Amino acid sequence: MSARVIAVVNQKGGAGKSTLAMLLAGALAESGARVLVADADPQNTALRWATAGEGFPAEVEDLSDEEGKLHKRLRKRLEDYDYIVIDSPPHAAAPVTESALRLAHLALVPVIPSPLDLWASLKIREAIAQARHRNPALEARIVVNQVQLNTVLAREVLALLPEFGIPLLAAQLKQRTAYRECAAMGATPTRLGSRAAIALMEVQALGREVVEILEAS
Ligand SMILES: Nc1ncnc2c1ncn2[C@@H]1O[C@H](COP(=O)(O)OP(=O)(O)O)[C@@H](O)[C@H]1O
Ligand SMILES: [Mg+2]
């Protein structure tokens, strides 16, 4: 089977693209899949994460020089993996984002539930709509990230998200120190042991939902 490709995209820096890409790739790899993270961001956050410790379960490769040729480069690698997760830079209109969305089966858009972040994400909605001219089967989901429980603002903004035009993933990522620790240690929540048990369940639920979408599409 040829790899299923997930592009993690957003116009906004700090929305959680790299965090989502690495947690998802880690969960898929720990379930036994062959996973490549294509680090398409010159900041190389994904690469730094993977090399901050030993034995990150997914392969991470720096492809930040490929820009608009990313899809061509990755097409040659489709047979080698079950999943390719693209971590992209914060530019909705950049050639690299267009290239990632051209190859992807699923675009994931991490959004922090704040109006500023939601407004900034409108650009990526346009980029996804554009990409569908060439890639009509492209699925897209918003992933609500850094959710703080029970804040009124979060609830109000979450209520707006359905109007956004891209369906929401049911799984969310809460704001958790465990995720920052994973980045610092080059790890996945599994590695943090019992103190990250809830984080691990959250990330596994995310992985399962993504796999279901990809299997149905
Ligand atoms: N769910 C989360 N819980 C805690 N910290 C988070 C979470 N998501 C992202 N962060 C932190 O927010 C910052 C930006 O996240 P990052 O994944 O680098 O965003 P992007 O790749 O979109 O720029 C980082 O410091 C990261 O550790
Ligand atoms: Mg990043």
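Over the C-alpha trace of the chain, radius of gyration and Dmax come out as 15.9, 47 angstrom. Extension gain, Glu67-Arg48: 0.36 nm per intervening residue step, less the Cα-Cα distance, totals 4.9 nm. For a straight C-alpha distance cut-off of 29 angstrom, the lysines reachable from Lys123 (same-chain residues fewer than eight places away being disregarded) are Lys12, Lys17, Lys69, Lys72, Lys174. For Met185, the accessible surface of its heavy atoms amounts to roughly 90 Å² (probe 1.4 Å, protein chains only, rounded to the nearest 10).
The H on the amide N of Val111, modeled in the peptide plane, is under 5 Å from the matching H of Val143, Val144, Asn145, each at least 5 residues off or on a different chain.
Computed from label points 7 Å out along Cα-Cβ, the spacing between Ser217 and Met201 is 2.8 nm. Per-residue 3J(HN,Hα) values for the range 75-87, derived from phi via the Karplus relation 6.51 cos²θ - 1.76 cosθ + 1.60 with θ = phi - 60°, read 4, 6, 9, 4, 6, 8, 9, 8, 9, 10, 10, 9, 9 Hz in sequence order (x marks Gly and Pro). What a 1.4 Å probe finds exposed on the chain is 52% carbon and sulfur by accessible area, rounded to a whole percent.
Heavy atoms of the protein chains alone define the surface here; on that basis the chain has 46 Å² accessible area per residue at 1.4 Å probe size. For the range 99-106, putting each phi into the Karplus relation 6.51 cos²θ - 1.76 cosθ + 1.60 with θ = phi - 60° gives couplings of 5, 5, 6, 6, 8, 5, 8, 9 Hz, in residue order, rounded to whole numbers and with x for Gly and Pro.
The values are calculated or read from the model by the stated rules, or taken from the named source; none is laboratory data. The structure displayed is predicted, hence computed values, not measured ones. No Cβ is skipped: glycine too gets one built from the backbone with ideal geometry, and neighbour counts run over all protein chains shown. Just the protein is used for accessible areas: all its heavy atoms, side chains included, with ligands, DNA and RNA removed. Shrake-Rupley method; radii C 1.70, N 1.55, O 1.52, S 1.80 Å.
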